[in-house]
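Notes for the one structure printed next.
The values are calculated or read from the model by the stated rules, or taken from the named source; none is laboratory data. Everything quoted here is computed from the prediction, not taken from an experiment. All Cβ positions, glycine included, derive from the backbone under ideal geometry; neighbour counts span all protein chains shown. Ligands, DNA and RNA are stripped out before the accessible areas are found, and what is left, the full protein with its side chains, is counted by its heavy atoms. Shrake-Rupley method; radii C 1.70, N 1.55, O 1.52, S 1.80 Å.
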Amino acid sequence: MIKYRAKIDSLGNYVPKKIVNNFDLEKMVDTSDEWIRVRTGMFERHFADETEAASDLAYKAAENAIYNSNTTRHKDIQMIIVGTISADHPFPSAACILQNKLGLKDIPAFDISAGCTGFIYTIDIAKQYIENGICDTILVVGVEVLTKLINWTDRGTCVLFGDGAGAAIIKRAESNDISQIIGSKITADASEWELLQQKAGGSRLPASHETVDQNLHTVYMEGNKIFKHAVKSMYNVTMDVIKEHNMSLKDIDWIIPHQANMRIIESLADRLKAPKEKVVVTIERFGNTSSSTIPIAMTEAIKANQIKRGDIVLLTAFGAGLTYGSTLIRY
Ligand code: ACO
């Protein structure tokens, strides 16, 4: 039984200053600007420096989201949820460290490990807490510093990732609000979870000299198998959410898919029969920043005056797990 409606009140993002483009990568690994552009659509990505960890990026994105909200003060935040697979430490959570950086206390703070679908998972959870009346203001963040988990001997993955963070203030919608999270679905199919993982550093394969020597603390991905799952999963979960709310693709003003590969984005748009003007794409500038691609892209589209209050926006992502999900909002 839904007591209240939730809305995205504001967003903010942050990317580290250092920019690494395809020509820089050509000097580091056996690759080419042409291969990266044609196969992925990427040109630049941002790299955290040696002093920056996930909570540092998350903090800056969170402060920007709070600044962009007319109605939220730090003390109003009642819960912090962070989607990340590259937290500062295996424990405690990046969300707890973020709570401390924001000067907050005595509120729940936890991380969600859902790979690139992390931000969609955080919104879905925040929505439940607001709809059932337990909270009225929640900070959600997607943040990743995957460049510190890259295997530089695997050219199939090392060119793909960038670092960044995106945050949103999720609030209870008032009865006269046009903004609303209309619907959301999160799910996972773990039958092929091995395709995308960090093999060592957990309880299955604890850190040892051998695991370090074999680069097992880095991102392992069977990219072309993942590719095939990505389009199908995002299409299916998107259609589920749209149909559940008796809407059609014609009602959608903007689609923001996870930015992992331009060919995945184009195939998804083709299946959805979405004109390319409706699809928000930032992959050329930021690469794959995993759980933060969607809030980064949405913040950029708002800043560019593309997405406006009242627009219907569809978010969809796919990632490690294998997880996937979609969120339908009226911004
Ligand atoms: N530069 C030059 N050549 C390369 C590079 C590179 N960086 N990487 C691979 N190649 C070569 C390969 O060696 C191979 O050569 P061969 O044909 O001589 O053997 C050829 O290019 C093709 O390799 P594929 O791996 O088949 O390339 P593909 O077209 O599948 O593209 C990619 C690879 C970009 C990784 C793609 O599969 C992809 O985007 N997959 C999905 C990624 C994704 O969605 N991940 C989910 C989210 S990530 C997360 O949750 C953390």
Per-region count, region 148-182, residues more than 18 Å from Asp88 (Cβ to Cβ) and either within 11 Å of the ligand (Cβ to nearest atom) or among the hydrophobic types (A, V, I, L, M, F, W, C) (or both): 15
Go through the residues of region 238-254 one by one and say whether even a single one is touching a residue at least 12 places away in the same chain (Cβ under 8 Å), under 18 Å from Phe119 (Cα atoms) and away from the ligand (no atom under 16 Å from the Cβ). yes
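For Gly201, state whether it is assigned to a strand (DSSP E or B) and either open to solvent by less than 60 Å² (accessible area, probe 1.4 Å) or in contact with an Asp or Glu (Cβ under 7 Å, 6 or more places away or on another chain) (or both). Walk me through how you get there before you give the answer.
Working: assigned to a strand (DSSP E or B): no; either open to solvent by less than 60 Å² (accessible area, probe 1.4 Å) or in contact with an Asp or Glu (Cβ under 7 Å, 6 or more places away or on another chain) (or both): yes.
Spelling it out, it is not the case that Gly201 is assigned to a strand (DSSP E or B) and either open to solvent by less than 60 Å² (accessible area, probe 1.4 Å) or in contact with an Asp or Glu (Cβ under 7 Å, 6 or more places away or on another chain) (or both).
Would a scan of region 43-52 turn up a residue that is among the acidic types (Asp, Glu), in contact with a helix residue (DSSP H, G or I) (Cβ under 6 Å, 6 or more places away or on another chain) and over 23 Å from Thr327 (Cβ atoms)?
Here is the first cut: in region 43-52, the residues among the acidic types (Asp, Glu) are 44, 49-50, 52.
Then drop every residue that is not in contact with a helix residue (DSSP H, G or I) (Cβ under 6 Å, 6 or more places away or on another chain), which leaves 44.
Cutting the leftovers down to over 23 Å from Thr327 (Cβ atoms) gives us 44.
Scanning region 43-52 turns up at least one residue that is among the acidic types (Asp, Glu), in contact with a helix residue (DSSP H, G or I) (Cβ under 6 Å, 6 or more places away or on another chain) and over 23 Å from Thr327 (Cβ atoms).
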Output the residues belonging to region 270-312 that are farther than 25 Å from Lys148 by Cα and small (Gly, Ala, Ser). Ala274, Ala301, Ala304, Gly310
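Considering only region 133-159, state which residues are in a loop (DSSP other than H, G, I, E, B) and surrounded by 24 or more Cβ atoms within 10 Å (Cβ to Cβ).
Hits for region 133-159 are Val145, Val159.
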Go through (1) surrounded by 15 or more Cβ atoms within 10 Å (Cβ to Cβ); (2) in a helix (DSSP H, G or I); (3) within 13 Å of the ligand (Cβ to nearest atom) and name the single condition Lys225 misses. (1)
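Evaluate the following for Lys232: is it among the basic types (Lys, Arg), within 16 Å of the ligand (Cβ to nearest atom) and closer than 19 Å to Gln198 by Cα?
Numbers: among the basic types (Lys, Arg): yes; within 16 Å of the ligand (Cβ to nearest atom): yes; closer than 19 Å to Gln198 by Cα: no.
Considered against the rule, which asks whether it is among the basic types (Lys, Arg), within 16 Å of the ligand (Cβ to nearest atom) and closer than 19 Å to Gln198 by Cα, Lys232 comes out as no.
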Looking at Arg45, Arg37, which one is within 16 Å of the ligand (Cβ to nearest atom), under 19 Å from Ile294 (Cα atoms) and assigned by TED's automatic domain parsing to the domain that holds Val145? Arg45
For region 1-104, please list each of the helices (runs of 4 or more DSSP H) lying entirely inside it that holds at least 3 residues being crowded, with 23+ Cβ neighbours inside 10 Å. 54-68, 94-101
Determine whether region 117-132 contains at least one residue that is within 18 Å of Ala165 (Cβ to Cβ), in a helix (DSSP H, G or I), of a type in the set (Val, Ile, Thr) and within 13 Å of the ligand (Cβ to nearest atom). yes
When only residues in region 105-116 that are touching a residue at least 24 places away in the same chain (Cβ under 8 Å) and either under 15 Å from Thr137 (Cα atoms) or part of a loop (DSSP other than H, G, I, E, B) (or both) count, which is most open to solvent (accessible area, probe 1.4 Å)? Ser113
Residues in region 166-188: is at least one buried (at least 24 other Cβ atoms within 10 Å of the Cβ), touching a Lys or Arg at 6+ places or on another chain (Cβ under 9 Å), closer than 30 Å to Lys27 by Cβ and not aliphatic (A, V, I, L, M)? no
